[in-house]
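I have placed the structure first, in the form of structure tokens, so that the comments after it can refer back to it.
Computed from the coordinates by the stated procedures, all read-outs in this text should not be read as laboratory data. Since we're looking at a predicted model, the values are computed, not measured. Glycine gets a Cβ as well: all are built from the backbone with ideal geometry, and neighbour counts include every protein chain shown.
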Amino acid sequence: MPDKTPKRYSISVFLPAYNEELNIERAVMNSVEVLREISDDWEVIVVNDASKDRTKEIVEELVRREPGVRLINHEKNTRLGGALRSGFANSTKELVFYTDADNPIDMNDLKRAVPLMDDADFITGYRLNRDEPLKRKVYSRCYNWLIRLLFGLKVRDVNFSFKLVKQEVLKKARLRSLGSFIDAELLIEARKYRFRIKEIGIRYYPRTEGESTLATPGVILKILEELWTYYRRYYRDHSGNA
């Protein structure tokens, strides 16, 4: 009889954080609680991207208190792209999961995603609800449409911070982005190498503490700049899809 026992993966969870002193302890401890249930070999990594508040000090205390929690500290702010690249590079386990430090998801949803990795290489979440300002909804819809148009990437919610990926994907993908285009870049690179991408619907919880810096005009302009650079230099002339 075939063995039906679910595989117990080793798992890295990492949280990019910038000025998240009001959220980071809950984000870390929720991650620890879930990982203790689903894995025998895990780590939680906080990438502190030169926060100006007490994020670093809070995580240092968690590191002393909780085995398995690690801190990667940036002395200089590297924006989302730099923080994500640090997180991916420092994650040591079979599966790597990232989400934001402002608690946008119920970490228990990771329990649903991990078993899907038996038949996938990359799980990306999409929001089942969009409890956010109208302007941000419009930005998001237009951005997802643009990614689909230029790259043929049929993913419903490119930038949602629920991504679970195997180490093999990260070893192949070349990530160059400094800003929020990095989410799309990772998905496009995974598809380029024919990794299996699956989507999962996730309940989204809007930020209740602190302030987001990911929807400012400057951030949006940077996304569009990096999108065009990637398309022109690394995709259009090197892909059979364009």
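Quick look at the numbers
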quantity	calculated
Equivalent ellipsoid semi-axes - Cα gyration tensor, region 143-185, angstrom	18, 12, 11
Phi-based couplings in Hz for region 64-72 (Karplus 6.51, -1.76, 1.60; Gly and Pro marked x)	5, 8, 10, x, x, 9, 10, 10, 10
Per-pair calculated FRET efficiency, R0 = 35 Å: Val219 and Arg112 via Cβ, rounded to 0.05	0.70
Cα-based equivalent ellipsoid of the chain: semi-axis lengths in Å, sorted from largest, via gyration tensor	26, 23, 17
Counting DSSP beta bridges with both ends in the chain, the antiparallel % (nearest 5)	25 percent
In region 18-123, trypsin sites (Lys or Arg not before Pro) in a DSSP loop with at most 14 other beta-carbon atoms within 10 Å	Lys52, Lys76
Between region 158-172 and region 29-64, the Cα center-to-center distance that results, in Å	19 Å
Spin-label pair Lys171/Arg207, simplified geometry with 7 Å Cα→Cβ offset, distance in nm	3.6 nm
Amide H within-cut-off set for Glu21, under 5 Å, with H built and near neighbours excluded	Arg54, Thr55
The chain - mean residue ellipticity at 222 nm from DSSP helices (-39,500 (n - 2.57) per run, n ≥ 4, rounded to 500)	-11500 deg cm²/dmol
Spin-label pair Trp145/Asp119, simplified geometry with 7 Å Cα→Cβ offset, distance in nm	3.3 nm
At R0 = 25 Å, FRET efficiency that the Cβ-Cβ distance of Glu33 and Arg130 yields, to 0.05	0.40
Distance-filtered residues of region 105-119 - backbone nitrogen under 20 Å, label point 7 angstrom along Asp41 Cα→Cβ	111, 114-119
Taking N as its residue count, the alpha carbon Rg of region 97-203 over 2.2 N^0.38 Å	1.04
Rg ratio (alpha-carbon, reference 2.2 N^0.38 Å) - region 46-94	1.15
The chain: relative contact order as a whole-number percent, Cα under 8 Å and 6+ apart	22 percent
Lys154-Arg54 FRET efficiency (beta carbon distance; Förster radius 41 Å; 0.05 resolution)	0.45
Global form of region 16-79, assessed from the alpha-carbon gyration tensor, a/c cut-off 1.5	prolate
